[in-house]
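The values are calculated or read from the model by the stated rules, or taken from the named source; none is laboratory data. Since this is a predicted model, take the numbers as computed values, not measurements. Using ideal geometry, Cβ is built from the backbone for each residue, glycine included, and neighbour counts are taken over all protein chains shown.
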């Protein structure tokens, strides 16, 4: 299909933060191939901050899923807002809607049909509603970045995927830098992100603290977590876990920095020299910022989700539960990351 240089393309990616960050090489490749095109993205309110300020997008649209609706907003109001957004996108008359996922699902396809573009692009699906279709599916041994980037072929892009990318909010970065305060020359800053959505990815507080004590010396530490109570039904937090780590860390030079918004997390990670975290959105953001990463993997596919495009060491026990990774193993892996070879 001949694609006009000034085409309008709406990219839909409506799942988790890490998935969306893994889509950024595709977005950047489309921008390089079509510098005069109108390229926009439709995401959800939960993952939207991962693309805010992205230089390769002309517009960013977001809707709230029912589980993410703001306090006090009823379902009727939420669906009314979504309808208004879809009508706005429909009036824009996009040339293409690109379902930027290996398995976009029926909901994403319904959104694409509501927008009513000239063409729906993506992996082929049984009903043939994707008319600009990539057939064959993604190989099991592919990283998520590669699975999504294959779709660039539909738009005449044959290059390999590049690096991940996120924008850093300047005000949020200034706040994080102020929180860190003055630091001695030549000292390494290690960010330790302790929050994880899946139970199998949560390393116990006492193990975090033991690793901090073992790494203390010429390093300062930045402790990052999602604030709130662990039993919050929608957004569980790690205030208690962070407090336990701080209490057990002793005299380790540690700055505690809760990140209530994703822009705060991005900004804080941008200041670090190294990042230690479990598999999840924070890990992919750290990779997008070019940080060397020690990552702890529980019950997830390390081939598909390992850090993309940066130096890393990955630990995953046979039990697929990060609680079974010892501080000694983590210390050894971090030493290999910091002093390769």
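In the range 284-297 there is at least one residue that is over 28 Å from residue 181 (Cα atoms), touching a strand residue (DSSP E or B) at 6+ places or on another chain (Cβ under 8 Å) and not in a helix (DSSP H, G or I). Scanning the range 170-201 for residues that are at pLDDT 95 or above, part of a loop (DSSP other than H, G, I, E, B) and out of contact with any strand residue (DSSP E or B) (no Cβ under 6 Å at 6 or more places or on another chain) yields a total of 0. Scanning the range 298-314 for residues that are within 25 Å of residue 101 (Cβ to Cβ) and in a strand (DSSP E or B) gives 312, 314. Does residue 227 meet the test of being exposed (fewer than 14 other Cβ atoms within 10 Å of the Cβ), in a loop (DSSP other than H, G, I, E, B) and within 23 Å of the chain's Cα centre (by Cα)? Against the criterion (exposed (fewer than 14 other Cβ atoms within 10 Å of the Cβ), in a loop (DSSP other than H, G, I, E, B) and within 23 Å of the chain's Cα centre (by Cα)), residue 227 does not qualify.
This table checks each residue for (1) crowded, with 24+ Cβ neighbours inside 10 Å; (2) touching a helix residue (DSSP H, G or I) at 6+ places or on another chain (Cβ under 7 Å).
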{"site": "261", "(1), (2)": "no, yes"}
{"site": "268", "(1), (2)": "yes, yes"}
{"site": "271", "(1), (2)": "no, yes"}
{"site": "285", "(1), (2)": "yes, yes"}
{"site": "299", "(1), (2)": "no, yes"}
{"site": "302", "(1), (2)": "no, no"}
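Of the residues making up the range 91-109, those that are closer than 26 Å to residue 304 by Cβ and surrounded by fewer than 18 Cβ atoms within 10 Å (Cβ to Cβ) are 103, 105, 106, 107. Does residue 276 satisfy the criteria of being more than 23 Å from residue 164 (Cα to Cα), surrounded by 21 or more Cβ atoms within 10 Å (Cβ to Cβ), touching a residue at least 60 places away in the same chain (Cβ under 8 Å) and not assigned by TED's automatic domain parsing to the domain that holds residue 54? Against the criterion (more than 23 Å from residue 164 (Cα to Cα), surrounded by 21 or more Cβ atoms within 10 Å (Cβ to Cβ), touching a residue at least 60 places away in the same chain (Cβ under 8 Å) and not assigned by TED's automatic domain parsing to the domain that holds residue 54), residue 276 does not qualify. Of the residues making up the range 271-283, those that are touching a strand residue (DSSP E or B) at 6+ places or on another chain (Cβ under 7 Å), assigned to a loop (DSSP other than H, G, I, E, B) and under 27 Å from residue 171 (Cβ atoms) are 271, 272, 273.
In the set 237, 186, 217, 228, only one residue is closer than 23 Å to residue 18 by Cβ and out of contact with any helix residue (DSSP H, G or I) (no Cβ under 8 Å at 6 or more places or on another chain); that residue is 237.
One line per residue, one yes/no per condition, for (1) touching a strand residue (DSSP E or B) at 6+ places or on another chain (Cβ under 7 Å); (2) without any contact (Cβ under 8 Å) to a residue 12 or more places away in the chain; (3) under 16 Å from residue 65 (Cβ atoms); (4) in a helix (DSSP H, G or I):
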position	(1), (2), (3), (4)
2	no, yes, no, no
5	no, no, no, no
10	yes, no, no, no
14	yes, no, yes, no
20	yes, no, yes, yes
25	no, no, no, yes
29	no, no, no, yes
39	yes, no, no, no
43	yes, no, yes, no
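Looking at the range 249-260, can you tell me whether even one residue there is in a helix (DSSP H, G or I), at pLDDT below 95 and more than 20 Å from residue 48 (Cα to Cα)? The answer is yes; a qualifying residue exists. Entry remark, the range 315-338: residues being out of contact with any helix residue (DSSP H, G or I) (no Cβ under 6 Å at 6 or more places or on another chain) and either crowded, with 16+ Cβ neighbours inside 10 Å or assigned to a helix (DSSP H, G or I) (or both) number 12 in total. The strands (runs of 3 or more DSSP E) found entirely in the range 56-154 that carry 2 or more residues being in contact with a strand residue (DSSP E or B) (Cβ under 8 Å, 6 or more places away or on another chain) and either farther than 18 Å from residue 19 by Cβ or at pLDDT below 90 (or both) are 59-63, 119-123, 132-134.
Checked across the range 203-220, the condition of being under 18 Å from the mean Cα position of the chain (by Cα) and buried (at least 17 other Cβ atoms within 10 Å of the Cβ) holds for no residue. Would you say residue 117 is outside the structural domain of residue 14 (by TED's automatic domain parsing), buried (at least 18 other Cβ atoms within 10 Å of the Cβ) and either more than 30 Å from residue 264 (Cα to Cα) or under 24 Å from the mean Cα position of the chain (by Cα) (or both)? It is false that residue 117 is outside the structural domain of residue 14 (by TED's automatic domain parsing), buried (at least 18 other Cβ atoms within 10 Å of the Cβ) and either more than 30 Å from residue 264 (Cα to Cα) or under 24 Å from the mean Cα position of the chain (by Cα) (or both).
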